[in-house]
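The values are calculated or read from the model by the stated rules, or taken from the named source; none is laboratory data. A quick note: this is a predicted structure, and the numbers were derived from the prediction, not measured. Heads up, the Cβs are rebuilt from the backbone with ideal geometry, glycines too, and the neighbour counts pull from every protein chain shown. To get the accessible areas, we keep the full protein, side chains included, count just its heavy atoms, and leave off ligands, DNA and RNA. Shrake-Rupley method; radii C 1.70, N 1.55, O 1.52, S 1.80 Å.
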Amino acid sequence: MPRPTPDDHVRIVFLGGLGEIGRNCFCIEVEGRILVVDCGIMFPDVDMPGVDLVLPDFTYLRTNADRVEGVVLTHAHEDHAGGLAYLLRDVQCPIYGSPLSLGLARNRIEEAGMLGHTELIPVFDGERRTIGPFDVEFIPVTHSVPHAFAAAYHTPQGTILHTGDFKIDLTPVDGRRTDLARLGEIAQRPSPREDGRFPGVRLLLSDSTNAERPGFTESESTVGSAMRTLFRDREDKRFIVASFASHLHRVQQVAEAALASGRRLAFVGRSMANNVTLAREMGLLRVPSDRVIDIEEAPRYAPGEVCIICTGSQGEPMSALSLMAAHEHKYVKISEDDVVVISAHAIPGNETSVTRVINSLYQAGAEVVHGGNAPVHVSGHASQEELKFILNLVRPEWFIPVHGEYRHMVHHADLAEVSGVDPDKIYVCEDGDAVTLEDDGLVTDRRSVPAGYLYVDGIVGDIGQGVLRDRRQLAEEGVVVVILTVDQRTGETVTGPEIVTKGWVYAPEAEALLEEAKNEVRDALAAAAFDGATDFEAIRRIARRSLGRFINERTRRRPAVIPVVMEV
Ligand SMILES: [Zn+2]
Ligand SMILES: [Zn+2]
């Protein structure tokens, strides 16, 4: 593990988000102090049964907790702020972010019972702030949540610019644009050093999510006109629109289109209701109170008079939309009178759940509109032309693509090369890598910090690779338990073997096979007893092996075989 950096070096340690979409987290180190940038989670994949979420490995931060100066939140999406409550258990430090980011993160910190110990420090567009030895500038960028930041870290080794998650939306819903002028100024900035070295941007870290996508990402405001058309063409239908609860620009546009078509609005789902309340208090969401109804009141209105805005765009099993699709929602029964709009893109890992929800909604009679059949969603991330634009504007000496799967980062590296960055000064890094900016250049230290996946299941912390492996085996092959009693003096079987199985064969229809299996084990044990085996462990091993071999030969399966041997 790397030691504290010498005073004149600046180090960056990548803990997550370089190699996957999710669990974004890296550290910047100046004068031996650490500033953590983002602290996100990743949603589990289908091959992680029972896992609720995946965290970065915080070992490095835990062992260096006394050096941590604070956490900077670029914005409060789950993949950037969802891990805060877990980190704060080990590392107590202030959190810096826009008032909205702090407001959104606050609930999660509170749920973890860490709010009392944590200082939340709001920062504003264009603000430049000293945090310990760090000189940080917060630059507005457009993204799929309001008030997201890029950040410039002005260090003794020049300026490090981190774009955060961004797109270049020229007609943003709230009028708050990516501050291209300031980014250009920083790129032109003279050297802060006496020797005149490192003017402009020394290192750029930029969002790679859409690096494979040609062209420009459409403006968020295009969704508003798509929604207006939908409402106009389906006057008599009730609308149920699912989106991310933090995507307040989307909520604003859906609300405006619904109000323009004479509808009342109901906000459903805990995080949607919470975020809407917070955003209205902060003046970030403008919805007239007299047009908002409680969901219990919805049945009193004709379908064409209602628009429900809810959570569940990712098919999450307990979300409002999933409950509606499963006919389990208390107040909303789906019928032919409904149009359901899924105004979001499925995060990798959630596709199957979303598809299931869409099918259930159709079965209930609804029409379903989603990104695949209407322009009801646009990405919050920059596409290739915007990424090249930033590279051209910023003209960094060094470039490291961040926030993406490996392939996204490779494509982003290619974009940097065609945009004129010296190919020798482009690094595709991975989780666990550290890089150091020194006077002579950038030095990489591959895989120097633990950065594996931490699997969280319920309130149990890391369940580890071993448990996951067992779960996959149980899920794919099932389990067979063989139970027997042996005489501890002679090693002879007294009762059993009995065989109990789950997920291997359907026992009532496989009696003959199970009988054969029992005989196989009985014969193996008898032979062993004849040879004088009385050792408890040996008997267990013989039972497991003989049964495992039989199962494999007869069924070509490898379920978990668990011998339960009792001695009398
Ligand atoms: Zn984001
Ligand atoms: Zn992100």
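Structural remarks
- The local environment of Leu387, defined by Cβ-Cβ distances under 11 Å, has a net charge of -2 under the rule Lys, Arg +1 and Asp, Glu -1.
- Qualifying lysines (Cα of each under 27 Å from Cα of Lys388; at least 8 residues distant if same chain): Lys167, Lys425
- DSSP-defined antiparallel bridges as percent of all bridges, the chain, nearest 5: 50 percent
- The distance separating the Cα centre of segment 142-184 from that of segment 31-47 comes to 20 Å.
- Taking amide H as placed 1.01 Å from N in the peptide plane, Val561 has its amide H under 5 Å from the amide H of Val480, each at least 5 places away in sequence or on another chain.
- Convex hull projection area averaged over all views, segment 307-379, Cα basis, nm²: 4.6 nm²
- Taking a ≥ b ≥ c as the square roots of the Cα gyration tensor eigenvalues, the chain comes out oblate, since a/c reaches at least 1.5 and a/b does not exceed b/c.
- The candidates Tyr406, Tyr506, Tyr301, arranged from most to least accessible area with a 1.4 Å probe in the full protein assembly, appear as Tyr506, Tyr406, Tyr301.
- Sequence-separation-based contact order of the chain, relative, with Cα cut under 8 Å and 6+ spacing, percent: 15 percent
- Summary of packing: across the peptides 30-38, 431-439, the per-residue average of other C-beta atoms within 10 Å ranks them, highest first, as 30-38, 431-439.
- Gap separating the Cα centres of segment 488-557 and segment 104-141, nearest whole Å: 61 Å
- Charge tally for Asp445 (other residues, Cβ to Cβ under 10 Å; Lys, Arg +1; Asp, Glu -1): +2.
- Counting heavy atoms of the protein chains alone, His329 has an accessible area of about 20 Å² for a 1.4 Å probe.
- Other residues lying with their Cβ under 9 Å from the Cβ of Val421 contribute a combined charge of -1, Lys and Arg counting +1, Asp and Glu -1.
- The chain, helix-only ellipticity at 222 nm - DSSP H runs n ≥ 4, -39,500 (n - 2.57), divided by all residues, nearest 500: -9500 deg cm²/dmol
- Using R0 = 30 Å, the C-beta based FRET efficiency linking Arg545 and Arg446 works out to 0.10.
- Fully extended contour minus Cα-Cα distance, from Arg356 to Arg177, at 0.36 nm per residue: 60.7 nm
- Percentage relative contact order, segment 51-112, counting C-alpha pairs under 8 Å, at least six apart: 36 percent
- Protection proxy ranking, highest mean first, for peptides 383-392, 440-449: 383-392, 440-449, where packing is the per-residue count of other beta-carbon atoms within 10 Å, averaged.
- Taking every alpha-carbon pair under 8 Å whose residues sit at least 6 apart, segment 141-293 reaches a relative contact order of 20 percent.
- Zone residues, segment 56-72, relative to Arg129, backbone N less than 16 Å from point 7 Å out along Cα-to-Cβ: 69-72
- Over segment 1-104, accessible surface divided per residue gives 28 Å², non-protein components excluded, 1.4 Å probe.
- Heavy atoms of Ser225 accessible to a 1.4 Å probe, total area in Å² rounded to 10: 50 Å²
- Stretchable slack from Glu297 to Glu516, in nm (0.36 nm times residue separation minus alpha-carbon distance): 72.5 nm
- Hypothetical label at Ser221: residues of segment 266-293 whose amide nitrogen lies under 19 Å (7 Å Cα-Cβ projection): 284-287
- Percent carbon-and-sulfur accessible area, the chain, ignoring ligands, DNA and RNA, probe 1.4 Å: 49 percent
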